[in-house]
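Here's the structure, in structure tokens; my notes come after.
Every number here is computed from the coordinates shown, using simple stated rules; none is lab data. Everything numeric in this text was worked out from a predicted model, so none of it was measured. Here the Cβ is made from the backbone with ideal geometry for all residues, glycine too, and neighbour counts use every protein chain on show.
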Amino acid sequence: MNNRLVFLCIVWLSCGFLMTGCQQEESLPDQENQDPAIQVKNSDPAQPDPQNYSNQEIANHLSNIAADVPNVDDASSVVAGPYAVVAIDVDKDLDRSRVSTIKYSVAEALHHDPYGKTAVVIADADGTERIRHMADKIQQGHPIQGFVDELSAVVGRYMPEVPINEDQPEEPDQNKQVIPEDDQQELEDIEDDQSNNQKRNNQGSN
């Protein structure tokens, strides 16, 4: 009787250990499946790595920068080969000096972006329409290579709007450097006398 009781106890304990082991093994896959969910990348799939930008993504990027500049209604960009052209839409009633100021502001904003340092900015109606037409065709799936020549012609027509360093010192007047300050007035007096003598001679000959 005692032997049978001992045997039953051993069997019961063995079954208990086996069940515990199975439960632990079943729980391991669940933990393994949960671990990948914890490791989340700090990257947005909608924002690709800048080093992997396509020409179209760069063009959209430059258009967004230009469109954020005040007084720019819309912007279209084309990037093909070594060329990057950004066309902006502005109020047609603005005078040329105001449009030039806006173009400079756009060029300055692009200059601070690694993809826009050498971009050509245009704002006239004809050039803007050409760039918009090319951008639409490229978005429809037309190969970019087919627009390289046309884009090259546009770049050749418009000078790049590159921001100028406002802190750049003015070029010195070489004449003022050559002539001593004390002799400057004397030189001007001599030039006046020569001019007056020439006038008298002309009057005398008449």
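Among S76, A59, H111, which residue has its Cα positioned farthest towards the positive end of the charge dipole of segment 55-153, with +1 placed on the Cβ of Lys and Arg, -1 on the Cβ of Asp and Glu, and the dipole taken about the Cα centre?
So the residue furthest toward the plus end is H111.
Once you place label points 7 Å from the Cα toward the Cβ at D73 and E150, how far apart are they in nm?
2.2
Could you pull the Cα extents of segment 55-153 along its three principal axes, largest to smallest, in whole Å?
Its Cα atoms span 36, 27, 21 Å along the three principal axes.
Within 10 Å of each candidate Cβ there may be at most 10 other Cβ atoms; applying that plus a DSSP loop requirement, which trypsin sites (Lys or Arg not before Pro) in segment 50-114 survive?
Answer by residue number: K92.
How much length is gained on full extension from R157 to T101, taking 0.36 nm per residue of separation minus their Cα-Cα distance?
Once the chain is fully extended between R157 and T101, it gains 18.2 nm.
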